Amino acid sequence: MKILMVCLGNICRSPLAEGILQSKLSDDFTVDSAGTINMHEGKSPDHRAVSIADKYNIDISEQQSRPFSASDFEKYDKIYCMDRNNLKDVLSLAKTDEDRNKVALFLENAEVPDPYWGDMKDFDEVFQLLETASERVAKDLKSRVKSKESHV
Ligand code: 4NP
């Protein structure tokens, strides 16, 4: 199963979401991330995101920013967006209901605030939001895979 995390720049929130969710799943699950803009393409995550992840023993330093593309709908089973603008931008590239059904807000009914213009406290708060959501989503994904297996 392949999961994609999406934010604006792919240097703060979605790299953290990728690292945290992957840490809760086995290698049967692939977690990647992308941004809706290409401004930071090829760059490492923001040093504050790397540093907050490191504080909780998660290494995101090897990730590289890349823009979201319409072809990601074919490559991923689930696409989680960090805020409503990301959701709107991703949905604008969807061509089918199958594409649209893959897309959701990572926090269900709330947004992950953008910490880019903030400080380390904002990055820590974002980490905690992503940690709680990742716990819920990891459980949900594991049970979905299990129920698929029991129906074959
Ligand atoms: P992210 O944060 O979407 O969580 O990666 C941002 C990164 C870069 C910018 C804004 C938000 N920017 O304006 O360059």
### Message
Return the residues of segment 129-151 that are at pLDDT 95 or above and open to solvent by 80 Å² or more (accessible area, probe 1.4 Å); say none if nothing qualifies.
### Response
T132, E135, R136, K139
### Query
Identify, please: which residue in segment 39-77 is surrounded by 20 or more Cβ atoms within 10 Å (Cβ to Cβ) and more than 20 Å from F123 (Cβ to Cβ) and is, among those, nearest to the ligand (Cβ to nearest atom)?
F68
### Task
Check N86, N109, N101 and return the single one that is over 14 Å from D46 (Cα atoms) and touching a Ser or Thr at 6+ places or on another chain (Cβ under 7 Å).
N86
### Query
If you check every pair at least six apart or on different chains, which have Cβ atoms under 8 Å apart with a residue in segment 102-123 that is touching a residue at least 24 places away in the same chain (Cβ under 8 Å) and away from the ligand (no atom under 14 Å from the Cβ) first and a residue that is among the β-branched types (V, I, T) and assigned to a helix (DSSP H, G or I) second?
V103/V90; M120/I52
### Subset of segment 103-116 (residues that are surrounded by 12 or more Cβ atoms within 10 Å (Cβ to Cβ), more than 13 Å from the chain's Cα centre (by Cα) and assigned to a loop (DSSP other than H, G, I, E, B))
P113, D114, P115, Y116
### Query
If you take the residues of segment 87-101 that are touching a residue at least 24 places away in the same chain (Cβ under 8 Å) and under 16 Å from the mean Cα position of the chain (by Cα), which of them is most open to solvent (accessible area, probe 1.4 Å)?
D89
#### Entry: Scope segment 1-38; condition under 18 Å from D124 (Cα atoms), within 16 Å of the ligand (Cβ to nearest atom) and of a type in the set (S, T, N, Q); matching residues
N10, S14
### Members of segment 3-29 that are hydroxyl-bearing (S, T, Y) and either in a loop (DSSP other than H, G, I, E, B) or free of Cβ contacts under 8 Å to residues at least 24 places away in the same chain (or both)
S26
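The values are calculated or read from the model by the stated rules, or taken from the named source; none is laboratory data. As the structure is a prediction and not an experimental result, all values here were calculated from the model. Ideal geometry is used to build each Cβ from the backbone, glycine not excepted, and the neighbour counts take in all protein chains shown. SASA here: full protein model, heavy atoms, side chains in, ligands and nucleic acids out. Shrake-Rupley method; radii C 1.70, N 1.55, O 1.52, S 1.80 Å.
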